[in-house]
Amino acid sequence: MVHAAGLTKSYKRSVALRGVDIDVSAGEVVGLLGPNGAGKSTLTKVLCGLVRADGGSASIAGAPAGSSLARSKVGYLAELFRFPGWATAQEVLVTHQRLARRPTAGGDADERNRLLAEVGLSQAGSTRVEAMSKGMQQRLGLAQAMVGDPEVLLLDEPTSALDPAGRHTVREVLSRARDRGTAVLLNTHLLGEVEQLADRVVLIDAGRVVAAGAISDLTAGHGVTIETDQGRVEHPHVPRDTIPALVSDLVADGRQVYAVIPHRSTLEELYLELVGDREAHR
Ligand code: ADP
């Protein structure tokens, strides 16, 4: 649904993308990770057509990114956005319904009420933006991105202003969107969020992809802990395909094997290993 290959982009003073490949399928949540300045926002903006890449290709549902067909399929939540303070939540959504011009099942008012309920703002339809907390504005931003039920959601830091309850709501909203077949690209600093939600992650650093794949594959480590009637024994650095032989040797020796626990690293360990504490060096 989202496909990009070899994307490059330079600004006057900096190179933001140095050949980035990314794919997001229908019904998939992909987490886009990386330190500040890695190129995440630039990539997201190229995909939704706000920034033109210097090289490479990007498409949304087969249409070139930035074309009106591609734009019509995308819902976008920018990292920094500001709705007019005087507008109510309902009015913000009306504006975006007009901009999206996508026919909605059940009519526009039904859609607005459904979206406000989804993001937990049912009671705030007539509240003005200026009277909303940051968290409420971010929920409204997510509702805005989902106007017209887009096939692709590109979300830049959708949970940065939210408390734990708000993050939980966003996770639920996004997993429902995924279940409906939406392709979701989620740009966030919150690794925990990604671990709970994403099917795959793409880690970028200095404009390059440094790791990509399913979280379980990326964090699979070498080694195993085996628990037998004689207690737990750590077997570090054991490749996965030698584990069955290790277990059958123990059984042949008369051990009772209760548990075989593979060692894994966390997403945070992987991130620090590949990217390090980049910000400290800026
Ligand atoms: P991230 O979202 O990962 O923090 P960005 O895509 O915002 O990264 O930035 C990547 C690089 O491009 C950084 O060096 C940043 O300073 C630069 N950059 C981003 N947007 C602009 C812009 N509009 N003008 C000039 N440089 C920019």
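Each value in this text was obtained by applying a stated rule to the coordinates, not by laboratory testing. Keep in mind it's a predicted model, so treat the numbers as computed, not measured. We place every Cβ from the backbone using ideal geometry, glycine too, and count neighbours over all the protein chains shown.
Once the C-beta distance of S122 and E79 is scaled by a Förster radius of 25 Å, the resulting FRET efficiency is 0.45 to the nearest 0.05.
Averaged over residues, the count of other Cβ atoms within 10 Å places the peptides 184-193, 262-271 in the sequence 184-193, 262-271, highest first.
Packing, taken as the mean count of other beta carbons within 10 Å per residue, orders the peptides 79-86, 141-148 from highest to lowest as 141-148, 79-86. For the peptides 204-217, 247-260, the ranking by mean Cβ contacts within 10 Å, running from highest to lowest, is 204-217, 247-260. Subtracting the Cα-Cα distance of S133 and R264 from their residue separation scaled by 0.36 nm leaves 43.2 nm. Helical content of the chain, expressed as a calculated mean residue ellipticity at 222 nm, amounts to -9500 deg cm²/dmol (DSSP H runs of 4 or more residues, -39,500 (n - 2.57) each, divided by residue number, nearest 500). Hydrodynamic radius of the chain by the Kirkwood approach over all distinct alpha-carbon pairs: 20.8 Å. What does the C-alpha gyration tensor say about the overall shape of the range 220-264? Classify as rounded when a/c is under 1.5, otherwise prolate if a/b is larger than b/c, or oblate. Oblate, since a/c reaches 1.5 and b/c is not below a/b.
With 21 Å as the limit on Cα-Cα distance, the pairs of K12/K45; K73/K134; K12/K134 that go past it are K73/K134; K12/K134.
Basic side chains Lys and Arg get +1 at the Cβ, acidic Asp and Glu get -1 at the Cβ, and with that the dipole of the chain about its Cα centre reaches some 1420 debye. Other residues lying with their Cβ under 14 Å from the Cβ of Q137 contribute a combined charge of -1, Lys and Arg counting +1, Asp and Glu -1. Counted by Cβ distance under 10 Å from R178, the other residues give a net charge of -1, where Lys and Arg count +1 and Asp and Glu count -1. In this simple spin-label model, placing a label point 7 Å from the Cα along the Cα-to-Cβ direction at both H235 and E273 gives a separation of 2.0 nm. For q = 0.20, 0.25 Å⁻¹, what log10 I(q)/I(0) does the range 184-252 give under the Debye formula with an equal point scatterer on each alpha carbon and no solvent? Scattering profile of the range 184-252, log10 relative to I(0): -0.86, -1.09.
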